[in-house]
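Working notes for the structure below.
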């Protein structure tokens, strides 16, 4: 049965019960909407690059191929999607550019829209509340008041994440516990951050709850025995469930699906947080 915007949809009735002492959040699509619908920039760019190889595949076939691997890698650093793109170019008999060059090309295209949104926020034409998943601040405030330590881990470059966290007035919730992609991409992954949380905070995997709208954070939280909450946010309308997100989050192993945080009171009643 499919969830709607007013429901907390329990996918796995035997989900971990806590009590939870730490929570890890993805950023784009889970909290922030500054980079909303980034896939509408990345996927067409990649399709064009693959068309230029001279492949006999149709645009429709290439779009499906690209969409599958882009969304499967959602949550990892952007460079991994570009590494995969380079592999697809090579499969078609062409010499690809360096993955970092593809990443820069993508960022340049995405920045056209992102810079407008940031400027609107800076100049007060748009409020910070309009650029977050609904009631994200309320959820973060409530869960932190219960003594849960909050961590943020994003596949977006760390320098952008730090700036945007402050712009959206989320910094006080996370403090220094904000992580993002690094130039040396092998030095960051969400799995590494989860291992660090468990090691440094002496938190058991079963005491960790993760929130995310992509495959990676859901899979990594489940690997350590934590509770994985899939945020199937509809990023444009800011209301309702994104069907394709919901389907992929369930495939990744999400225990619970929510549309946004409007139902945060019921959600926190459902799960046990440390008090």
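Miscellaneous remarks
- Neighbour counts of other Cβ atoms within 10 Å put 30, 55, 243, 156 in the fewest-to-most order 243, 55, 156, 30.
- Candidates 199, 162, 117, ranked by Gaussian network fluctuation over the chain, Cα under 10 Å, top entry: 199
- Crossing angle, helix 190-201 versus the chain [Cα axis fit, 0-90 degrees, rounded to tens]: 30
- 0 to 90° range, to nearest 10: angle between helix 136-145 axis and the chain longest Cα axis: 40
- Inter-part distance, the stretch 86-154 to the stretch 1-73, computed on C-alpha centroids, equals 13 Å.
- Debye equation applied to the C-alpha atoms of the chain, log10 I(q)/I(0) at 0.09, 0.14, 0.16, 0.17 Å⁻¹: -0.41, -0.98, -1.26, -1.40
- Between residue 223 and residue 65, the distance separating the two model label sites (each 7 Å from Cα on the Cα→Cβ line) works out to 2.8 nm.
- Relative contact order (%) - criterion: Cα under 8 Å, at least six apart; region: the chain: 33
- Computed log₁₀ I(q)/I(0) - Debye formula, equal Cα scatterers, no solvent, the stretch 1-154, q 0.10, 0.18, 0.20 Å⁻¹: -0.52, -1.15, -1.25
- Calculated [222 nm] ellipticity per residue, helices only, for the chain: -14000 deg cm²/dmol; basis is -39500 (n - 2.57) per DSSP H run with n ≥ 4, divided by all residues, nearest 500.
- Relative to the dominant Cα principal axis of the chain, helix 78-91 is inclined by about 30°.
- Computed on the stretch 39-122, the Cα convex hull volume stands at 92 Å³ per residue.
FYI, it's all coordinate maths here, none of it is from the lab. Given the structure is predicted, the values throughout are model-derived calculations rather than measurements. As a convention, Cβ positions derive from the backbone with ideal geometry for all residues, glycine included, and neighbour counts pool all protein chains shown.
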